[in-house]
Amino acid sequence: MVANAVLHVADVHKNFGGLRALSDVDLRVDEGETHAIIGPNGAGKSTLLNVCVGRIKPDKGHVVFDGEVLDSHTPYQINQLGVSRVFQTPEIFPDLSLLDNVMIPAFASRDGAFRLRPFRKLRLEGDVRAEAEKNLEDVGLAALKDTEAGSLSRGDKRRLELAMCLIQKPKLLLLDEPTAGMSRHDTNRTVDLLKTIKQRGMTKVIIEHDMHVVFSLADRISVLAQGRIIASGKPEEIKGNPVVQEAYLGG
Ligand code: ADP
Ligand code: MG
């Protein structure tokens, strides 16, 4: 089991001034697994994902991805190793078309400087365009490919961002509240899409408030409260766990 861990967050601590955002956090995500992280607002969920992608460096502990300790890696390097992320607030290029938005990360980072010269060269190549079109189709946005991304609804922006991640074919996909602000219809479509991705064997960590989404997708769930993992296990073990109930009611 240890050999198959794609991600291991080992004893991570993070303080913001006097505030303890993460404490003793230990998280192991196995290959092909969809691991959900749930917990009240301010529990440290986004901070944990930021630590995994190198945007925040832990005060103590470390992150191991695919056997490599990420202590000194930049977000760009971590992305290049195969970690891609859907942010809590969509990060897209509002003035560019959907197609251009998806083509850019095909050969650049989701999280660092974009190398625009190769982009101009590559965009002429049909295979990148075709790949981008396929990714837009997968997320249900093909009809809008020439539309400016800034004009999309919030739900569609999230789906665009997902396409921008998927074109990178990441080994590990991190999703920070991918259905936030979506209608029930759009949420269901996103769940279907994430199920398809799961069938392809992609390892995922998903932060999610919507318990319907969590229980539809997760193989395992970890519950974060006040910076600590207070419970971890299969969905049926987490459901009805009194400690979890208390953390939610208290949060
Ligand atoms: P969650 O995503 O679970 O809602 P966050 O990880 O965003 O929680 O935040 C955890 C705690 O850390 C909160 O109290 C938040 O205010 C604080 N926090 C997050 N980021 C920063 C930061 N950059 N500077 C100071 N405090 C922060
Ligand atoms: Mg958050």
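Note on the range 8-34: residues that are on the phi < 0 side of the Ramachandran plot and touching a Ser or Thr at 6+ places or on another chain (Cβ under 7 Å) total 8. Scanning the range 1-33 for residues that are in a strand (DSSP E or B), in contact with a Gly (Cβ under 7 Å, 6 or more places away or on another chain) and surrounded by fewer than 20 Cβ atoms within 10 Å (Cβ to Cβ) turns up Ala10, Asp11, His13, Arg20, Ser23. The residue of the range 30-58 that is farthest from ligand 2 (Cβ to nearest atom), among those that are within 21 Å of Pro170 (Cβ to Cβ) and among the polar types (S, T, N, Q), is Thr34. Go through the residues of the range 45-57 one by one and say whether even a single one is farther than 26 Å from Asp156 by Cβ, assigned to a loop (DSSP other than H, G, I, E, B) and in contact with a His (Cβ under 8 Å, 6 or more places away or on another chain). Scanning the range 45-57 turns up at least one residue that is farther than 26 Å from Asp156 by Cβ, assigned to a loop (DSSP other than H, G, I, E, B) and in contact with a His (Cβ under 8 Å, 6 or more places away or on another chain).
Per the listing Arg220, Arg200, Arg184, the residue uniquely free of Cβ contacts under 8 Å to residues at least 12 places away in the same chain, charged (D, E, K, R) and within 16 Å of Gly32 (Cα to Cα) is Arg200. When Leu7, Leu22, Leu27 are screened for being within 13 Å of ligand 2 (Cβ to nearest atom) and at pLDDT 95 or above, only Leu22 passes. When Lys171 is tested against (1) within 16 Å of ligand 1 (Cβ to nearest atom); (2) in contact with a Gly (Cβ under 8 Å, 6 or more places away or on another chain), just one condition goes unmet, and that condition is (1). Taken as a whole, the condition of being in contact (Cβ under 8 Å) with a residue 12 or more places away in the chain, within 16 Å of ligand 1 (Cβ to nearest atom) and in the same structural domain as Val244 (by TED's automatic domain parsing) does not apply to Leu194.
The residue of the range 34-69 that is farthest from ligand 1 (Cβ to nearest atom), among those that are surrounded by fewer than 18 Cβ atoms within 10 Å (Cβ to Cβ) and of a type in the set (A, V, I, L, M), is Val69. Of all the numbered requirements in (1) surrounded by fewer than 16 Cβ atoms within 10 Å (Cβ to Cβ); (2) within 16 Å of ligand 2 (Cβ to nearest atom), Ser72 misses one, and that requirement is (2). A single member of Val12, Val29 is within 13 Å of ligand 1 (Cβ to nearest atom), in the same structural domain as Ile207 (by TED's automatic domain parsing) and either touching a residue at least 12 places away in the same chain (Cβ under 8 Å) or under 22 Å from Val244 (Cβ atoms) (or both), and it is Val12. The number of residues in the range 196-231 that are modelled with pLDDT of 95 or more and basic (Lys, Arg) comes to 3. Taken together, the criteria exclude Lys145 from residues that are at pLDDT 90 or above, under 15 Å from the mean Cα position of the chain (by Cα) and surrounded by fewer than 21 Cβ atoms within 10 Å (Cβ to Cβ).
The values are calculated or read from the model by the stated rules, or taken from the named source; none is laboratory data. Quick caveat, the model's predicted, so the values are computed rather than measured. Glycine also receives a Cβ, built like all others from the backbone with ideal geometry; neighbour counts cover every protein chain displayed.
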